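**Student:** Structure provided below as structure tokens; questions to follow.
Read the figures in this text as sums done on the coordinates, not as results from a lab. Note that the structure is predicted; figures quoted are calculated from it, not measured. Quick reminder, even Gly has a Cβ in these numbers, built from the backbone with ideal geometry, and neighbours come from all protein chains shown.
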């Protein structure tokens with residue numbers, strides 16, 4: 001899994017919380033070390049399970065020592081629960097008569113929990129697993145390049161692209177792709193060090209240098225157009241489809257971009273953050289050939305950032321009830337391809353209600369510790385209780 005996704009302070013952009021980028025960058029740098037191809041080969045060899053058992057034992061010893069020295073403890077979780085990843089799990093556990101506790105180290109709560117159900121205790125980070133050591137078999141899915149290769153084998157659409165290890169490699173791949181392109185680190189999450197709408201070699205060079213700050217291997221691929229969606233699959237079946245849009249404005253033929261932003265900020269939902277005037281905004285508009293003084297033609301919609309999430313002024317919409325049946329089947333197949341019971345696929349599409357064979361779409365990355373709470377509290381659409389589906393799966397597994 002992406003280690004950064006287990007850090008409570010660094011919430012996903014989908015969630016609308018402000019990320020602590022310095023902490024996240026350090027964690028993702030560590031993620032690179034443990035998710036590089038050589039380490040993944042070792043973990044998936046006969047040595048993998050003993051190594052993970054040893055790590056798991058060290059964690060158990062750390063908990064045991066911490067409790068006795070009183071610098072950490074598991075605190076009971078009780079209503080009212082906040083709507084975050086642990087909160088929606090605790091809500092469902094409470095309704096089913098189970099207990100959940102959260103790990104506190106010093107003054108800070110962490111995204112680590114202890115669940116007691118049917119006489120069995122499960123300690124987990126983010127989302128529960130009956131066998132913590134099973135992460136050895138699914139950690140590879142947070143490697144964007146390995147994931148792309150696996151999905152291609154199963155004939156599941158992905159964005160066309162290639163992993164590169166040098167500037168010359170990035171330039172070669174760029175020249176063979178449909179423009180614009182996107183450059184991102186092979187490892188990591190939250191969209192950090194990712195650059196979109198690249199259509200010139202100068203922009204490509206800047207994007208490549210930025211991605212290399214987080215990961216030596218870099219992905220260069222075609223930029224799919226549309227909303228970014230999260231498809232969460234539980235036990236091989238898609239459970240929710242959430243659309244996450246970046247902040248956008250639509251032109252009226254006479255207002256400037258600045259005017260449109262002011263109108264958007266004045267009419268935003270209380271859960272949405274304002275669009276802020278920053279250097280990043282200016283840079284992003286420049287990649288589109290625009291500025292704050294540009295007038296957008298009537299009916300034309302533009303993005304204001306490559307970032308998605310409510311905190312940036314974006315939108316979240318639960319879409320599973322209007323998603324085309326063939327697209328839902330495609331994600332069931334993707335869940336089989338990665339063979340992990342709790343998974344989140346990020347994909348881009350222009351229209352999830354249309355037959356997937358008629359639109360350009362593709363999976364861009366995967367998360368083995370997805371934020372299931374996204375589906376519980378969308379800004380628009382009907383909420384989906386994904387936590388209930390997680391507990392349904394847990395109960396089936398425990399009975400086996």
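**Student:** If I model a spin label as a point 7 Å beyond the Cα along the Cα-Cβ vector, how far apart are those points for residue 55 and residue 322 in nm?
**Tutor:** For residue 55 paired with residue 322, the spin-label model returns 4.1 nm.
**Student:** Of 102, 238, 183, how do they rank once you tally other Cβ atoms within 10 Å and put the fewest first? Don't jump to the answer; show the numbers that get you there.
**Tutor:** On the way: 102 19, 238 22, 183 29.
Starting with the residue having the fewest Cβ neighbours, the order is 102, 238, 183.
**Student:** Still on this model: For the range 276-340, just list the percent of Cα-Cα distances falling in each 10 Å bin from zero outward, please.
**Tutor:** 16, 29, 25, 23, 7
**Student:** Please find the FRET efficiency linking residue 107 to residue 78, where r is the Cβ-Cβ separation and R0 is fixed at 25 Å, and quote it to the nearest 0.05.
**Tutor:** Numbers: r = 19 Å, r/R0 = 0.78.
Efficiency for this residue pair is about 0.80.
**Student:** Quick one: which of 387-398, 51-62 comes out on top by average Cβ neighbours within 10 Å, and what's the full order, highest first? Could the numbers behind the result be given before it?
**Tutor:** Details: 387-398: 17.9, 51-62: 13.0.
Result, highest mean Cβ count within 10 Å first: 387-398, 51-62.
**Student:** How do 288-294, 119-125 rank on mean C-beta neighbours within 10 Å, highest first?
**Tutor:** On the way: 288-294: 13.1, 119-125: 15.0.
Output ranking for 288-294, 119-125: 119-125, 288-294.
**Student:** So if we plug the beta-carbon distance of residue 295 and residue 178 into 1/(1 + (r/R0)^6) with R0 = 25 Å, what FRET efficiency do we get, rounded to 0.05? Intermediate results must be reported in sequence, preceding the final value.
**Tutor:** On the way: r = 28 Å, r/R0 = 1.14.
Calculated value: 0.30.
**Student:** Then there's this: What's the FRET efficiency of residue 398 with residue 70 using the Cβ-Cβ distance as r and R₀ = 25 Å, to the nearest 0.05?
**Tutor:** On the way: r = 32 Å, r/R0 = 1.28.
Working from the Cβ atoms, E equals 0.20.
**Student:** Mind pulling the per residue volume of the convex hull built on the Cα atoms of the range 59-150? Å³ is fine.
**Tutor:** On the way: hull volume 12.7 nm³, N = 92.
It comes to 138 Å³ per residue, whole-number rounded.
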